[in-house]
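Okay, so here's the structure we're looking at.
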Amino acid sequence: MKKITAILLAVMLVLTCLTMAACDPTTPVNPTPPIDNDGAQAALDLYIFEKDGLVISGEFVLPGTIGGYNATWTSSSEYVVLTEIPANEENGTARQYTVQVGYPEEVTDVTLTIALSDTVKKEYTVIVNPISVHDFIAEYTFPKDKDTVVADFDLDQTCEYAGRTATIAWSVDADYADYIEISQDGTTCVVYPTSLNPTVRINATFTYNGKSATKSYRMKVSEV
């Protein structure tokens with residue numbers, strides 16, 4: 001009788017422990033399966049980061065999964081900001097990272113690290129350049145470019161880009177002086193209407209951080 005009682009007590013103890021474990025919120029119901037590091041390493045070895053060792057700028061996208069494994073990207077610099085974008089089943093967009101590149105004060109090497117697990121990682125190096133006067137030229141739009149002008153118009157004196165400002169100085173080649181010229185204060189393009197309808201050129205010299213570069217724009221001068 002004592003033996004049976006002892007067996008019953010042992011069974012009850014086991015059942016009690018199982019019940020407590022099931023009710024314990026700290027006990028994982030569906031534990032995450034361990035990552036296959038060998039498979040992750042093989043997938044990462046096959047991945048090619050095309051910007052490795054190159055100058056980057058603007059914005060671009062990095063994959064959030066590599067060979068079926070979730071990828072985590074990190075940056076060593078504040079000038080390369082990574083933002084994780086979750087997958088969106090509605091529009092079929094996969095998980096990814098957006099990259100926004102800023103402008104340091106000097107040429108900066110930045111390390112981008114991709115990790116598929118705690119041990120499967122790889123580093124890439126990219127180069128971030130400071131803003132240059134050519135960035136302003138690429139950003140600027142001359143309102144009268146390839147347009148027909150018949151009257152005087154104002155000229156922009158500055159160009160804003162990425163929170164910085166470049167100055168603009170205007171000039172006209174002697175070949176076109178009969179049709180347009182720059183006012184003495186440099187703020188107006190003076191137009192001399194003509195029925196000849198000549199194509200003329202106006203020059204914009206951008207200056208930023210002590211460096212200058214010039215771009216020319218073309219217009220047609222007319223009476224109408």
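Among Gly58, Ser171, Gly92, whose Cα sits farthest toward the positive end of the charge dipole of the chain (+1 at Cβ of Lys/Arg, -1 at Cβ of Asp/Glu, about the Cα centre)? So the residue we want is Gly92.
Where a ≥ b ≥ c are the square roots of the eigenvalues of the C-alpha gyration tensor, would you call the chain rounded, which needs a/c under 1.5, or, failing that, prolate if a/b is larger than b/c, or oblate? Prolate shape, in that a/c is at least 1.5 and a/b is the bigger ratio. For helix 37-46, what angle does its Cα long axis make with the longest principal axis of the chain, in degrees from 0 to 90 and rounded to 10? Roughly 20 degrees between the two axes.
Rounded to the nearest 500, the helix-only mean residue ellipticity at 222 nm of the chain stands at -5500 deg cm²/dmol, with each DSSP H run of n ≥ 4 adding -39,500 (n - 2.57). For the chain, the tally of Lys pairs with Cα-Cα distances below 22 Å comes to 6, considering only residues 8 or more apart or on different chains. The translational diffusion coefficient of region 97-224, from Stokes-Einstein at 25 °C and 0.890 mPa s with a Kirkwood hydrodynamic radius over alpha carbon pairs, comes to 140 µm²/s.
With the simple model of a label 7 Å out from the Cα in the direction of the Cβ, Val81 to Ile35 spans 2.6 nm.
Under a model in which nothing but the beta-carbon of Lys, Arg (+1) and Asp, Glu (-1) is charged, region 79-224 shows a dipole of about 340 debye around its Cα centre. If you run the Gaussian network model on the chain, springs between alpha carbon atoms under 10 Å, then out of Thr111, Thr194, Thr207 the most flexible one is Thr194. For the chain, find the longest principal axis of its Cα atoms and tell me its angle to the long axis of helix 2-23, 0 to 90°, nearest 10. Once rounded, one gets 10 degrees. Per residue, the average separation of C-alpha pairs within less than 8 Å and at least 6 apart gives the chain a relative contact order of 15 percent.
Solvent exposure of the chain, expressed per residue, is 64 Å² of accessible area, with all protein chains present and a 1.4 angstrom probe.
Once the Cα-Cα distance is subtracted from the 0.36 nm per residue extended length, the Asp185 to Asn88 segment shows a gain of 29.3 nm. Comparing mean-square fluctuations of Glu106, Glu89, Glu181 from a GNM of the chain with C-alpha springs under 10 Å, the top value falls on Glu89.
The values are calculated or read from the model by the stated rules, or taken from the named source; none is laboratory data. This is a predicted model, so every value here is computed, not measured. In this analysis, Cβ positions are derived from the backbone assuming ideal geometry, glycine residues included, and neighbour counts consider all displayed protein chains. Protein only, heavy atoms only, side chains kept; ligands, DNA and RNA dropped before computing areas. Shrake-Rupley method; radii C 1.70, N 1.55, O 1.52, S 1.80 Å.
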